[in-house]
Amino acid sequence: MLFHTGPVLSISDDMDHLIAPSAADIEALAATTLAALPAPFGTLARDVVVHVRDLAPDDMLDDLDIDDPFGLTGLYDGIPMTQKSVLDQPQQPDTIWLFRRAILDEWAARGNVTLGALVSHIMVHELAHHFGWSDDDIAAIDRWWE
């Protein structure tokens with residue numbers, strides 16, 4: 001049989017207009033996560049810069065010994081607060097990098113979480129590097145594994 005004779009599946013009108021979330025969409029989800037952090041973390045996270053790129057650049061992947069750019073969804077770049085000194089001269093702001101295509105790939109592969117929940121999880125993980133959080137601190141904010 002050359003042709004399928006069963007019911008024809010069609011994309012609903014609601015789905016027909018959807019496009020892949022943009023870098024701005026991912027950044028907005030990250031901002032929502034930052035805004036929801038409890039005190040004092042929300043105030044302390046205010047100075048962390050969030051950048052969204054499609055994929056991690058090759059030099060970053062090389063530094064981390066990562067071959068597959070889809071294997072890195074986020075990265076904290078800075079000095080953790082637990083290691084900072086008042087004598088430190090900041091060279092650049094503490095930064096969280098989010099990688100849109102890697103995030104979207106993981107989101108599609110999981111299939112059971114919202115994009116907002118995934119971005120929030122990645123943000124909390126990267127903020128944990130910034131704050132030097134314990135597992136209990138992370139669990140108080142990120143309910144990912146419940």
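The values are calculated or read from the model by the stated rules, or taken from the named source; none is laboratory data. What you see is a predicted model, and the numbers here were worked out from it, not measured in a lab. Cβ: placed from backbone, ideal geometry, glycine included. Neighbour counts: every protein chain shown.
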>> On the basis of being under 21 Å from residue 107 (Cβ atoms), free of Cβ contacts under 8 Å to residues at least 60 places away in the same chain and touching a helix residue (DSSP H, G or I) at 6+ places or on another chain (Cβ under 9 Å), does residue 33 make the cut?
In response: no
> Do we find that residue 43 is among the hydroxyl-bearing types (Ser, Thr, Tyr) and surrounded by fewer than 11 Cβ atoms within 10 Å (Cβ to Cβ) in this structure?
Replying inline: yes
>> Among the residues that make up region 77-87, is at least one of them on the phi < 0 side of the Ramachandran plot, among the charged types (D, E, K, R) and at pLDDT 95 or above?
In response: no
>> Can you say whether residue 101 is closer than 20 Å to residue 20 by Cβ, in contact (Cβ under 8 Å) with a residue 40 or more places away in the chain and basic (Lys, Arg), as far as the supplied structure shows?
In response: yes
>> For region 1-71, give me every one of the helices (runs of 4 or more DSSP H) that falls completely inside it and has 2 or more residues that are modelled with pLDDT of 85 or more.
In response: 23-36, 58-63
> Can you name the number of the only condition in (1) surrounded by 14 or more Cβ atoms within 10 Å (Cβ to Cβ); (2) touching a helix residue (DSSP H, G or I) at 6+ places or on another chain (Cβ under 6 Å); (3) farther than 19 Å from residue 24 by Cβ that residue 120 fails?
Replying inline: (3)
> Among the listed residues 114, 95, 73, which satisfies the condition of being touching a residue at least 12 places away in the same chain (Cβ under 8 Å) and surrounded by fewer than 20 Cβ atoms within 10 Å (Cβ to Cβ)?
Replying inline: 95
> Of the residues that sit in region 74-93 and are touching a helix residue (DSSP H, G or I) at 6+ places or on another chain (Cβ under 7 Å) and small (Gly, Ala, Ser), which one is farthest from residue 29 (Cα to Cα)?
Replying inline: 78
